[in-house]
Each structure stands twice: as structure tokens, then as C-alpha cells.
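Asker: Handing you a structure now.
The values are calculated or read from the model by the stated rules, or taken from the named source; none is laboratory data. Note that this is a predicted model, so its numbers are computed, not measured. For neighbour counting, all protein chains shown are included, and Cβ atoms are generated from backbone atoms with ideal geometry for every residue, glycine included.
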Amino acid sequence: MGTLARAAPSGNRTSSGDAASVGDKSKDPRNLISVSRTASGGLTVGVSAMNSWDHICVGTVCAGPGLGRINARLTLSPDKDTVTASLSADKFPAWEFLRYPHVVQGAPLGEAWVIGFRDQTSIGDLTSGRQSTCTSRGAESRQFTNPMSC
């Protein structure tokens with residue numbers, strides 16, 4: 001298995017619990033990430049990220065539409081010589097899951113395999129509280145033509 005990249009926005013690790021369960025009403029100004037191993041040897045990643053379009057207050061002056069946080073739970077599971085991805089997340093933004101081969105002699109530089117991707121809807125979906133659940137459909141692709149099934 002190679003290294004997984006671009007699985008979630010970067011940020012701080014949560015002190016305890018699952019970051020994906022942090023709700024839209026949270027005023028925590030940090031990006032939160034939790035990671036745990038699954039029974040099958042995979043990983044579950046929880047994300048609760050500040051939205052750059054959020055309602056921000058400095059003192060008594062407030063600005064922004066207040067669209068809430070970006071929340072997601074991703075499970076990566078080993079599947080033969082690849083990884084499958086399952087995502088339960090806000091419908092906005094888009095998510096991409098890529099695998100890069102190990103850096104070993106003879107490995108092509110810059111090669112990436114697409115495990116799956118999910119396009120975004122509209123930014124207004126951040127306020128709906130609705131999430132979608134999507135799963136990668138099978139073999140990785142070198143082309144960016146591997147949409148997840150939602």
C-alpha cells in the first residue's frame with residue numbers, strides 16, 4: 001500500500017473523541033482531526049474544520065454568513081493491493097482520495113492513483129446539516145475518472 005494524501009483538510013488533533021462528531025454550532029476556532037485504527041487494519045479519520053466563510057466575531061464586531069463547520073468521517077480499508085474509501089461528509093466541499101506508490105527504486109515519480117472522488121454541491125449545503133455517504137467503487141484509476149458511489 002502507498003501513502004494516502006489529500007484525505008482531509010489539515011489541522012489540529014482532538015484531545016479526545018471523534019472530531020467528526022463536533023457539530024456545526026461549535027465555536028472552537030481550531031481544525032480538529034481524529035484518527036483510529038479499524039478492526040480490519042484500516043483507518044477511520046474524523047474531521048471538523050473551520051469554514052473560511054464562517055461567521056467570525058472580533059470583540060463586538062461580527063462578519064460572515066455563519067455557514068458552520070466542515071464535518072466528515074472517512075474510513076480507509078485495505079482491499080487486496082489497494083484501499084477502499086467510505087466517506088460520510090457534508091455535501092460541500094469536494095473530496096479526493098489519492099494513493100501514491102512507495103518511494104522505491106523504479107517507482108515512477110509523480111504517479112498518483114485515484115481511489116475515488118466526490119464533487120461538491122453548493123456552499124449553502126453547509127447550513128443544511130445534511131451529509132452524503134459515498135463509497136469508492138473498486139479499482140483505482142490513473143485518470144481522474146473514478147467518482148464515488150453516493
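Asker: Counting just the residues of the stretch 63-81 that are loosely packed, with under 12 Cβ neighbours inside 10 Å and closer than 17 Å to residue 98 by Cα, which one comes out modelled with the lowest pLDDT? Let's see the steps before the verdict.
Answerer: Initial filter on the stretch 63-81 (loosely packed, with under 12 Cβ neighbours inside 10 Å): 63, 80-81.
Filter once more, so that each one left must be closer than 17 Å to residue 98 by Cα: 80-81.
Numbers: 80: 84, 81: 80.
Top of the filtered list is 81.
Asker: Residues being free of Cβ contacts under 8 Å to residues at least 12 places away in the same chain and either under 26 Å from residue 122 (Cβ atoms) or β-branched (Val, Ile, Thr) (or both): count how many of those fall in the stretch 62-91.
Answerer: Of the residues in the stretch 62-91, the ones free of Cβ contacts under 8 Å to residues at least 12 places away in the same chain are 62-64, 79-80.
So of that shortlist, the ones also either under 26 Å from residue 122 (Cβ atoms) or β-branched (Val, Ile, Thr) (or both) come out as 62-64.
Residues in the stretch 62-91 being free of Cβ contacts under 8 Å to residues at least 12 places away in the same chain and either under 26 Å from residue 122 (Cβ atoms) or β-branched (Val, Ile, Thr) (or both): 3 in total.
Asker: Mind counting the residues in the stretch 26-62 that are under 21 Å from residue 135 (Cα atoms) and modelled with pLDDT under 85? Reasoning before the result, please.
Answerer: In the first step, residues of the stretch 26-62 are kept if they are under 21 Å from residue 135 (Cα atoms); the result is 33-48.
Next, from what is left, pick out any that are modelled with pLDDT under 85: none.
Of the residues in that region, 0 qualify.
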